[in-house]
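Worksheet for the structure shown next.
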Amino acid sequence: MVNGGKRFCPHSPLPTPYSLFVRMPLKRKDLLGIADLSPEEINFILDTAETFRDVNQRQIKKVPTLRGKTVINLFFEASTRTRTSFEIAAKRLSADAINVAASTSSVVKGETLVDTALNLQAMAPDAIVIRHSSSGAPHQIAKIVDAAVINAGDGAHEHPTQALLDALTIRGAKGRVAGLKVAIVGDVLHSRVARSNAHLLSKLGAHVALAGPRTLLPFGLEKRIAPAEGSVTFADNINEAIKDADVVMMLRIQLERQSGGFFPSLREYSIHYGLNRRRLELAKDDAIVLHPGPINRGVEIDSDVADGPFSLILNQVENGVAVRMAVLYLLAGGE
Amino acid sequence: MRQSDDKLRCSFCGSSKNEVKILIAGPSVYICNGCIDICIEIVVDDSRQTGRPLGLALPVLTPAENIMSRVEPSRAHKHEKHSGGAEMEFIEKSCVMTTADMNRVLARMSSQIVENNPDLSNVLLVGIRRRGVPLAERLAARIKEMDSVKVATGALDITLYRDDLSTVGERPVVNKTELPANITGKTIILVDDVLYTGRTIRAAMDELIDFGRPRRVQLAVLIDRGWRELPIQADYIGKYVTTTEKEIIKVMLPEFDETEQVLLVEQK
């Protein structure tokens, strides 16, 4: 044997060929809100979600990407859409999804949020999806656990994956987000969806008009929106917000967060702030209607609008799975 | 004085001229092709151990002469964690293929494909993203020129099926997979630019199976550079290239790069 008979091969310092691909710009452990994302990061998540939308249309809707990873859905608030959506997203990526509902957890025995998080951490999950009625709860958990923390709605603060799926739906229908007029109408004060959307849509260059009863508008919100190409303004009334809008997003009256007295009655609210066919005519001819759900028919939106041709409410739900797959892939994929 | 043929012997191994394929004469010495292979082996091994550049005008060998296939060491292989996405700088070592070479090679590969697959209407050329996709399209175009049959093409993005996702530092970008609705019963020809570890092809096959049950799957690659880590081989090969593990084959296509050529480079 030549050369001493020993064949020595130092393992390569080089990446395997496929890691020569373009690198992703999302370098963060958690997804806590839209406010701290850059437009590039937002677009990157949306582009990734487009691919997962294709996966959801295959016959076998499952890829082995997150095999061996564990995703815990920790929901301290009621939810069907978001929790199911996250669970399906995790399962379609081959991750193991575990659902913990506060009503059946040790929270009812008096365990604090931090203790719950530390106990979950001890079971080494790769991602924790959390919904909590207190703003900032996911941020606190993110500080103490190693897993990726994904905010699935915290109080009236943020609901980033909802805003991302709204943007994906808008982009899919309109081909762009920049330059569009988006009316967000209803209980903006209690809406984390509205806040996340105000951040996201203005970052991507849309002009957001917020409208609703003056008691349900968080005046001053516009000052907390980072200066961007788009804008966030308060419309004087709903008709002004909807006029010439490309997108009309209706919000649910969040009675569970209200102490009462914000408006006289649901019937009166429906007449003045509900979206009906006549009011929708003020918007552009090709306007689309969105709603984060759950919808209250006959209150903020009439049935003929919710089920009408302009309504993309169910597309939003479909896109929700794709967006959550993208977020789980980007945050829980490695290490 | 000129020695008769049977008396000419390799000065290194002593084999007579009749026993070896080629015997090269030097100033009062002779060397046979077998010993040259061993010499190359030593140089390549040395380069591997010390990291010194090869210093060989890198021979592009035919399969029979491909020493790498014999030299392939048992590899206690560890995937190093690839950190950082910084731009890499490369030293160009040699040009493996020019545009003209590439055209010739693709013409040969497409005629091989036609020869092996009498029923072209059932064939689907599936390019592996990124550079396999334009190559698949070119093969399809060549086949159309030759046989006036339009062979269907598709694109496969294997990112979600990679086996190293939990070791690479950052998530790679996911692109779209575009396949016709039903691939069951089809003959799929996977097309990629470089065949290296075989892991990409493993991932591609796994993904294909999720779309249906193809009749058979074949593999066409522009360059086979050796260093397989899985039992995978190509059915159609543009060119075998002997490489060290540190070297990189850069296939450049006008769709992604400014030029059209194949280079052998090494990271600076």
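In table form, for the structure just shown:
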{"read-out": "Test: residue in the stretch B:165-176 that is outside any loop (DSSP other than H, G, I, E, B), surrounded by fewer than 22 Cβ atoms within 10 Å (Cβ to Cβ) and within 24 Å of the chain's Cα centre (by Cα)", "value": "no"}
{"read-out": "Which listed residue is in contact with a helix residue (DSSP H, G or I) (Cβ under 9 Å, 6 or more places away or on another chain), open to solvent by 60 Å² or more (accessible area, probe 1.4 Å) and touching a residue at least 12 places away in the same chain (Cβ under 8 Å), from A:Lys69, A:Lys61", "value": "A:Lys61"}
{"read-out": "From the options A:Ala49, A:Ala35, residue that is within 23 Å of A:Leu201 (Cα to Cα), at pLDDT 90 or above and open to solvent by 40 Å² or more (accessible area, probe 1.4 Å)", "value": "A:Ala35"}
{"read-out": "Filtered residues of the stretch B:103-136 (kept if within 14 Å of B:Ile188 (Cα to Cα) and of a type in the set (Asp, Glu))", "value": "B:Asp119"}
{"read-out": "Test: residue in the stretch A:289-297 that is of a type in the set (S, T, N, Q) and not in a helix (DSSP H, G or I)", "value": "yes"}
{"read-out": "Failed item, numbered, when B:Glu145 is tested on (1) more than 23 Å from the chain's Cα centre (by Cα); (2) among the charged types (D, E, K, R); (3) within 14 Å of chain A (Cβ to nearest Cβ)", "value": "(3)"}
{"read-out": "Residue match in the stretch B:208-225 (condition: within 9 Å of another protein chain (Cβ to nearest Cβ) and within 30 Å of B:Thr99 (Cβ to Cβ))", "value": "no"}
{"read-out": "Qualifying position, being assigned to a helix (DSSP H, G or I), modelled with pLDDT of 95 or more and within 12 Å of the chain's Cα centre (by Cα), among A:Ala152, A:Ala167", "value": "A:Ala167"}
{"read-out": "Selection count, the stretch B:183-203, where residues are more than 9 Å from chain A (Cβ to nearest Cβ), part of a loop (DSSP other than H, G, I, E, B) and polar (S, T, N, Q)", "value": "1"}
{"read-out": "Residue match in the stretch B:158-174 (condition: farther than 16 Å from B:Arg129 by Cβ, away from every other protein chain (no Cβ under 11 Å) and at pLDDT below 95)", "value": "no"}
{"read-out": "Qualifying positions in the stretch A:83-135 - among the β-branched types (Val, Ile, Thr), in contact (Cβ under 8 Å) with a residue 40 or more places away in the chain and part of a helix (DSSP H, G or I)", "value": "A:Ile88, A:Thr116"}
{"read-out": "Residue tally, condition of a type in the set (Gly, Ala, Ser), over 18 Å from A:Pro160 (Cα atoms) and either part of a helix (DSSP H, G or I) or open to solvent by 20 Å² or more (accessible area, probe 1.4 Å) (or both), over the stretch A:188-216", "value": "0"}
{"read-out": "Residue within the stretch A:217-230 that is surrounded by fewer than 18 Cβ atoms within 10 Å (Cβ to Cβ), farther than 15 Å from A:Ser191 by Cα and among the aliphatic types (A, V, I, L, M) present", "value": "yes"}
{"read-out": "Per-region count, the stretch A:73-82, residues open to solvent by 60 Å² or more (accessible area, probe 1.4 Å) and in contact (Cβ under 8 Å) with a residue 24 or more places away in the chain", "value": "2"}
{"read-out": "Residue within the stretch A:150-159 that is open to solvent by 50 Å² or more (accessible area, probe 1.4 Å), in contact (Cβ under 8 Å) with a residue 60 or more places away in the chain and either touching an Asp or Glu at 6+ places or on another chain (Cβ under 6 Å) or within 28 Å of A:Gly186 (Cβ to Cβ) (or both) present", "value": "yes"}
{"read-out": "Output for the stretch B:91-131, where each listed residue is surrounded by fewer than 16 Cβ atoms within 10 Å (Cβ to Cβ) and assigned to a strand (DSSP E or B)", "value": "B:Ile91, B:Glu92, B:Cys95"}
{"read-out": "Tally of residues being facing chain A (nearest Cβ under 10 Å) and acidic (Asp, Glu) across the stretch B:226-268", "value": "4"}
{"read-out": "Selection within the stretch B:242-268 - hydroxyl-bearing (Ser, Thr, Tyr) and surrounded by fewer than 17 Cβ atoms within 10 Å (Cβ to Cβ)", "value": "B:Thr259"}
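Residues checked against (1) open to solvent by 20 Å² or more (accessible area, probe 1.4 Å); (2) assigned to a helix (DSSP H, G or I); (3) free of Cβ contacts under 8 Å to residues at least 24 places away in the same chain:
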{"site": "A:Met249", "(1), (2), (3)": "no, no, no"}
{"site": "A:Leu282", "(1), (2), (3)": "yes, no, no"}
{"site": "A:Asp285", "(1), (2), (3)": "yes, no, yes"}
{"site": "A:Gln316", "(1), (2), (3)": "no, yes, no"}
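Yes/no per residue for (1) open to solvent by less than 50 Å² (accessible area, probe 1.4 Å); (2) in contact with a strand residue (DSSP E or B) (Cβ under 9 Å, 6 or more places away or on another chain):
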site: B:Asp206; (1), (2): no, no
site: B:Leu219; (1), (2): yes, yes
site: B:Ile223; (1), (2): yes, yes
site: B:Ala234; (1), (2): yes, yes
site: B:Tyr240; (1), (2): no, yes
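The values are calculated or read from the model by the stated rules, or taken from the named source; none is laboratory data. Bear in mind that the values here come from a model prediction, so they are computed numbers and not experimental data. Note that we place each Cβ from the backbone using ideal geometry, even for glycine, and neighbour counts take in every protein chain shown. These area figures cover heavy atoms from the full protein model, side chains too; ligands, DNA and RNA do not enter into them. Shrake-Rupley method; radii C 1.70, N 1.55, O 1.52, S 1.80 Å.
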